[in-house]
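Step one of this worksheet: look at the structure below.
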Amino acid sequence: MTKPLRLVFAGTPDFSVPPLDSILAGPDRLLAVYTQPDRPAGRGRQLQPSPVKQRALAAGVEVLQPLNFKDPDERARLAALEPDLMIVVAYGLILPQKVLDIPRLGCWNLHASLLPRWRGAAPIQRAIEAGDAETGVHLMQMERGLDTGPVLLERRTPIEAADTGGRLHDRLAVLGTELLREGLARLRAGEPLPARAQPEHGVTYAHKLDKTEARLDFHLPAAVLERRVRAFNPWPICDCEVAGERLRVHAAEAVAAPAGSAPGSVLAASAEGLDIACAEGALRLTVVQREGGRPQPVAQWLNAFRGRLPE
């Protein structure tokens, strides 16, 4: 029987939880979990532990939350654990070389894109927004650069027309968990994991999402806005103003529109949706949310606006 590995895990958001669960259920020894410090959240702005912290504490695993690894004492604490390998999944900190060198076998990172495309913070959403036909998950050996390390294993999946950021997030989390499980099993068995250097061409960066990006600009083509609506669901959720009311847009589709329609003008309102003219085509809003309300089909929202919008 192969000897269990001594592992340290570093991750923060929901995406990191399935891989963490896989390690907890596996034969290896999880020494500690690193995650981001608690952050204020919700209306009361109370400090909230990350999903990874909650899961680790429930499993009785030690949780460490350094602001960074500049402090030699933090690096010494990691070194004292004597890990064979550190698994990093959406941790939120760039690890310095002094940290990457601590585990006996270095550090592995699960990244939700087909590298070198969409290095960085928001690869899932940026792939949808850009109209990519395919994405996936890479398991890579970490280097000092941002998502630059050689790829060890990969899983691919098409981006479907109905995929939102949330739906694709969940699918990639499952694929990433499978990938990590395979990598650890091969490592335990002494099987090689050939490292494939990333190509120098095709590098793009998935910049962090910002709420200011969520406002729909109808001077853009409808197809662009439709992808953005899907990409930004469930966060930050796109929004626009219609009939003097701010609406959050949870679902929309690009449809044809008469040439010369003024961007932002309402072209039609029916049970099928609310058509708003764009630079090219129209964006049909199908699920919206009023201030303080819940998401609802446009047909329900229209009941409050009969006579104010075109039939």
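Consider residue 177 carefully, then state whether it is β-branched (Val, Ile, Thr) and within 28 Å of residue 20 (Cα to Cα). Answer is yes for this residue.
Among the residues of this structure, residue 300 does not count as one that is over 30 Å from residue 145 (Cα atoms) and either modelled with pLDDT of 95 or more or basic (Lys, Arg) (or both).
Restricted to the stretch 184-213, and to residues there that are under 22 Å from the mean Cα position of the chain (by Cα), surrounded by 15 or more Cβ atoms within 10 Å (Cβ to Cβ) and not acidic (Asp, Glu), the residue that is farthest from residue 125 (Cα to Cα) is 198.
Inspect the stretch 208-223 for any residue being in contact with a Pro (Cβ under 6 Å, 6 or more places away or on another chain) and closer than 30 Å to residue 101 by Cβ and give the result as yes or no. The answer is no, given that none of the residues of the stretch 208-223 is in contact with a Pro (Cβ under 6 Å, 6 or more places away or on another chain) and closer than 30 Å to residue 101 by Cβ.
The set of residues in the stretch 97-131 being part of a loop (DSSP other than H, G, I, E, B) and touching a Ser or Thr at 6+ places or on another chain (Cβ under 9 Å) consists of 112, 113, 114, 115, 116, 117, 118, 130. Of all residues in the stretch 90-110, which are surrounded by 16 or more Cβ atoms within 10 Å (Cβ to Cβ) and β-branched (Val, Ile, Thr)? Hits for the stretch 90-110 are 99, 102.
The residue that is surrounded by the fewest Cβ atoms within 10 Å (Cβ to Cβ), counting only those in the stretch 111-145 that are in contact (Cβ under 8 Å) with a residue 60 or more places away in the chain and over 14 Å from the mean Cα position of the chain (by Cα), is 131. Against the test of being under 26 Å from the mean Cα position of the chain (by Cα) and modelled with pLDDT of 95 or more, the options 290, 284 yield a single qualifying residue, 284. Residues that are hydrophobic (A, V, I, L, M, F, W, C), in contact with a Phe, Trp or Tyr (Cβ under 8 Å, 6 or more places away or on another chain) and modelled with pLDDT of 95 or more within the stretch 194-253 comprise 206, 209, 214, 225, 238, 240, 247, listed in sequence order. Selection within the stretch 285-307: residues that are touching a helix residue (DSSP H, G or I) at 6+ places or on another chain (Cβ under 8 Å) and of a type outside the set (Val, Ile, Thr). The member of this set that is farthest from residue 227 (Cα to Cα) is 290. Among the residues making up the stretch 170-209, those that are of a type in the set (D, E, K, R), under 21 Å from residue 52 (Cα atoms) and touching a helix residue (DSSP H, G or I) at 6+ places or on another chain (Cβ under 9 Å) are 170, 178, 181. Residue 144 meets the conditions (1) over 22 Å from residue 235 (Cα atoms); (2) part of a loop (DSSP other than H, G, I, E, B); (3) in contact with a strand residue (DSSP E or B) (Cβ under 9 Å, 6 or more places away or on another chain) in every case but one. The failed one is (3).
Could you say whether any residue in the stretch 81-93 is small (Gly, Ala, Ser), assigned by TED's automatic domain parsing to the domain that holds residue 30 and farther than 26 Å from residue 3 by Cα? Yes - at least one qualifying residue is present in the stretch 81-93.
The values are calculated or read from the model by the stated rules, or taken from the named source; none is laboratory data. Values in this document were obtained by computation on a predicted structure and should not be read as measured data. Counting neighbours? That spans all protein chains shown, and the Cβs are built from the backbone with ideal geometry, glycine included.
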